[in-house]
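What follows is a single structure, written as structure tokens, with notes after it.
The values are calculated or read from the model by the stated rules, or taken from the named source; none is laboratory data. Everything quoted here is computed from the prediction, not taken from an experiment. Don't worry about glycine lacking a Cβ; one is built from the backbone with ideal geometry, like all the others, and counts go over all protein chains shown.
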């Protein structure tokens, strides 16, 4: 089998800034790149904070009025952000939902949803304080984001 180059490797990671970008479109399914950190700068999401953000964001969006349009939310292996995959939602809806979910995460108090041993495959690895701090920093970046800004800058 000959491996074809995938589209995400064509994004110039030396120029990529923090923000929300459209990574891929497959009909009415859209993959968004929620880039919380600039790639290859030595500043990455700590696994414990990343894990907690995943639990809080996923719980929020799957409980929102737009939950039927949510397919997946999960971390990038490089620990610079997350992929958010949606179906039949407008770009404006996704931006607003992302902003709401990060505001929710930044303000969250209490036990992290799904963080008990019976609910999570790595229940000991959570950091609510770290997740809240990262969510607050990212919210500041995306607070004024618009659909016109979803295109990777060249």
Inset, instruction - Scan segment 129-154 and report the pairs whose first residue is over 14 Å from residue 22 (Cα atoms) and whose second residue is modelled with pLDDT of 95 or more and loosely packed, with under 10 Cβ neighbours inside 10 Å, with Cβ atoms within less than 6 Å and a gap of 6+ or a chain change. - result: none
Legend entry - Scan of segment 84-100 for residues that are touching a helix residue (DSSP H, G or I) at 6+ places or on another chain (Cβ under 8 Å) and in a helix (DSSP H, G or I), ordered by number: 91, 92, 93, 95, 97, 98, 99, 100
Inset, instruction - Sort out for me the strands (runs of 3 or more DSSP E) sitting completely within segment 1-83 that have 2 or more residues that are more than 27 Å from residue 117 (Cβ to Cβ). - result: 19-26, 29-35
Legend entry - Any chance residue 79 is in contact with a strand residue (DSSP E or B) (Cβ under 6 Å, 6 or more places away or on another chain) and touching a residue at least 40 places away in the same chain (Cβ under 8 Å): no
Inset, instruction - Answer yes or no as to whether residue 29 is surrounded by 13 or more Cβ atoms within 10 Å (Cβ to Cβ), over 26 Å from residue 127 (Cβ atoms), at pLDDT 95 or above and more than 13 Å from the chain's Cα centre (by Cα). - result: yes
Legend entry - Members of segment 128-144 that are under 15 Å from the mean Cα position of the chain (by Cα) and either outside any helix (DSSP H, G or I) or modelled with pLDDT under 95 (or both): 143
Legend entry - Residue identified as more than 18 Å from the chain's Cα centre (by Cα) and either closer than 27 Å to residue 17 by Cβ or touching a residue at least 60 places away in the same chain (Cβ under 8 Å) (or both) among 119, 125: 125
